[in-house]
1. For region 113-144, how many residues are on the phi > 0 side of the Ramachandran plot and either open to solvent by 50 Å² or more (accessible area, probe 1.4 Å) or among the charged types (D, E, K, R) (or both)?
2. Taking the condition of being farther than 30 Å from Ser12 by Cα, outside any helix (DSSP H, G or I) and modelled with pLDDT of 75 or more, how many residues in region 43-87 meet it?
3. Within region 102-125, take every residue that is without any contact (Cβ under 8 Å) to a residue 24 or more places away in the chain and among the polar types (S, T, N, Q) and give me the one that is farthest from Arg23 (Cα to Cα).
4. If you scan region 148-158, which residues turn out to be buried (at least 17 other Cβ atoms within 10 Å of the Cβ) and closer than 16 Å to Trp127 by Cβ?
5. Please go through region 7-22 and pick out each residue that is over 19 Å from Val40 (Cα atoms) and either in contact with a Pro (Cβ under 6 Å, 6 or more places away or on another chain) or not in a helix (DSSP H, G or I) (or both).
6. I'd like the full set of residues that are part of a helix (DSSP H, G or I) and in contact (Cβ under 8 Å) with a residue 60 or more places away in the chain, limited to region 88-101.
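The values are calculated or read from the model by the stated rules, or taken from the named source; none is laboratory data. This is a predicted model, so every value here is computed, not measured. Here Cβ is always computed from backbone atoms with ideal geometry, including for glycine, and neighbour counts include all displayed protein chains. Heads up: the accessible areas ignore ligands, DNA and RNA and are worked out on the full protein's heavy atoms, side chains in. Shrake-Rupley method; radii C 1.70, N 1.55, O 1.52, S 1.80 Å.
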Amino acid sequence: AQRNRPDLNLESEREALARVVDRLGRLPLAIELAAARMEVLSLAQLEERLTTPLKLLRSQDPARASRHQTLAATFTWSWDLLDDDEQRGLATCAVFANSFSLEQGEAVLPEDIDGLSGLQGLKRKSWLTFVSGGAFSLLESVRAFAAQKLAATGAQTAAEARHAAVYASLAEGLDKNRA
């Protein structure tokens, strides 16, 4: 970032830089592509534009391998290595805005997918991260990519309905515990 923006004061911008790196999921390629954008964007502008990471994170270097030109191209290359069930499972996980438990993930995945094996496989292939408390999470950029894939499959409405049912069941459980 400092190479592209010599006026950047790392000491005074430490917290903002940490937020950007965290939002990028600490992915080296994403950080490198974001840092290159600092040639024309301030750190605040970069942070604002991270709401569309797949659009923002693209290289201007034609010498890069095609799968490293954009974060979306890297994700597509890796997506193509997944089998059909893994692709459908990952796309379905995009309905979760935050972390989710194994049980929640299993309940939201299509019935013909073995939830435990599917989630474990996606974690093993680094599509899902494991966070404190034994929950799964998707990086913001992975969620955006998976959401595009889910929308393209035509299964978004069904996935959202299963997701809503999971949380409706949780809410019912809370009401019963209060009574």
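1. 2
2. 4
3. Ser117
4. Lys149, Leu150
5. Glu11, Ser12
6. Correct list: Arg88, Ala91, Thr92.
Yes/no per residue for (1) under 21 Å from Gly25 (Cβ atoms); (2) assigned to a helix (DSSP H, G or I); (3) not basic (Lys, Arg):
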{"position": "Gly121", "(1), (2), (3)": "yes, yes, yes"}
{"position": "Phe130", "(1), (2), (3)": "yes, no, yes"}
{"position": "Phe136", "(1), (2), (3)": "yes, no, yes"}
{"position": "Lys149", "(1), (2), (3)": "yes, yes, no"}
{"position": "Thr157", "(1), (2), (3)": "no, yes, yes"}
{"position": "His163", "(1), (2), (3)": "no, yes, yes"}
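Okay, residues lined up against (1) without any contact (Cβ under 8 Å) to a residue 24 or more places away in the chain; (2) not basic (Lys, Arg):
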| residue | (1), (2) |
| --- | --- |
| Arg19 | no, no |
| Asp22 | yes, yes |
| Glu32 | yes, yes |
| Leu71 | no, yes |
